[in-house]
Amino acid sequence: MLQDSFGRRFYYLRLSVTDICNFRCNYCLPDGYQCGQSSARENPLSVVEVGTVVGAFASLGTEKVRLTGGEPSLRKDLEQLIETVKSVDGIRCVAITTNGYRLPMEIDAWQRAGLDQLNVSIDSLDPQQFRAITGHDKLDTILCGIDRALALGIPTKVNAVLLREHNFAEYNHFLEWIRVTPVSLRFIELMRTGDNRDFFASNHVAGSDIEKLLLRTGWEQVVRPRDAGPAKEYAHPDYAGRIGLIMPYSKDFCVSCNRLRMSAQGALHLCLFAEQGIDLRDAIGGGDHQALAEQIRAAVCGKNASHQLASGFTGATRNLAMLGG
């Protein structure tokens, strides 16, 4: 089992398949993806290389892989990527995080390829506010895609980044939606990155404020599976859906860390806010699962106890599209 020097075990890999995104979210890429920012961005891991990466992690006990971006559906071979990951011995769960703009057209094919779980980013349920945040008028399309995913029986989570000036007033609207919609709604604290210093200062909302409100109104925390993400999840008997809180600025957030990240170009990131990734592209290209696994194991021994977000340190993360947040 892959384990660091603090005894944390890593069952969960977040694997970026592209850092290109077609949305212009104001907290991430307000000016949109800029072509030519980095020549490396034009050379993401191939399907074969993704198979090598996942095979190495699976040999170390990883059970869950989430394909992220950027926007993963921009990869024309996404179905093949899902099939490849799903076919690796030991991988029991394949998930995707998407902005959902192709969801109604693609979700059936993704399920046939082996998709087990779905995360969709929706930062507002108001069409005008959604367009203001993302730069796209796609809310109805995305909601139709979620309806189809639920009809197919795919467990679905919805990610909403808390933004004081843009969606915080919609808290009750979100709650009314999940009263009848069986999704897990994840409220995510806005994280400071290298590119959003001023935006963070004016929009950060502490997830602990939401947590106190939930506890006062009858919501109860549920037990996390060992391969679950970082959310603290809450349920209420009057609601079809659940609420999750991702609070990276909370005390001891990193104690239960169970996930590692791989960039679209084959760099291992021990933390979303590490100083830099560890380039494993040559080892990946060699196709030797065992040799790659040994490099991963050695690297994980150097994982720090915690990020330093509270001190304003964002590491090499310029924006969340780089590694899927």
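What the table shows:
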read-out: In nm, spacing of pseudo-spin labels at residue 297 and residue 128 (7 Å Cα→C-beta vector); value: 5.9 nm
read-out: Heavy-atom surface of the chain, accessible at 1.4 Å and reported per residue (Å²); value: 43 Å²
read-out: Kirkwood Rh (inverse of mean 1/r, distinct Cα pairs), the stretch 1-139, angstrom; value: 16.2 Å
read-out: The stretch 192-233: C-alpha gyration tensor shape, a/c 1.5 cut-off, then a/b vs b/c; value: oblate
read-out: Using a Förster distance of 35 Å, the FRET efficiency for residue 305-residue 221 (Cβ separation, nearest 0.05); value: 0.90
read-out: Dipole of the chain [Lys/Arg +1, Asp/Glu -1 at C-beta], most positive-end residue of 295, 219, 55; value: 219
read-out: Rounded to 5, the percent of DSSP beta bridges in the chain classed as antiparallel; value: 25 percent
read-out: Linear extension gain, residue 3 paired with residue 235, 0.36 nm per residue minus alpha-carbon span; value: 80.4 nm
read-out: Close Lys-Lys pairs in the chain, where close means Cα under 28 Å and separation is 8 or more or interchain; value: 21
read-out: Peptides ranked, highest mean first, by Cβ atoms within 10 Å: ranges 132-145, 216-229; value: 132-145, 216-229
read-out: Net lengthening on full extension, residue 108/residue 180 (0.36 nm per residue, minus Cα-Cα); value: 23.6 nm
read-out: Inter-site label distance for residue 31 and residue 172 at 7 Å from Cα along Cβ, in nm; value: 4.0 nm
read-out: Value of Rg/Rh across the chain [Cα atoms, Kirkwood radius]; value: 0.93
read-out: Percent accessible area from carbon and sulfur atoms, the chain, protein chains only, probe 1.4 Å; value: 48 percent
read-out: Residue-averaged 222 nm ellipticity for the chain, from DSSP H runs of 4+ at -39500 (n - 2.57), nearest 500; value: -9000 deg cm²/dmol
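The values are calculated or read from the model by the stated rules, or taken from the named source; none is laboratory data. Quantities reported herein were computed from a predicted structural model and do not represent experimental measurements. Every residue, glycine as well, gets a Cβ built from its backbone with ideal geometry; the counts of neighbours run over all protein chains shown. Note: accessible area is taken over every heavy atom of the protein model, side chains too, but ligands, DNA and RNA are not part of it. Shrake-Rupley method; radii C 1.70, N 1.55, O 1.52, S 1.80 Å.
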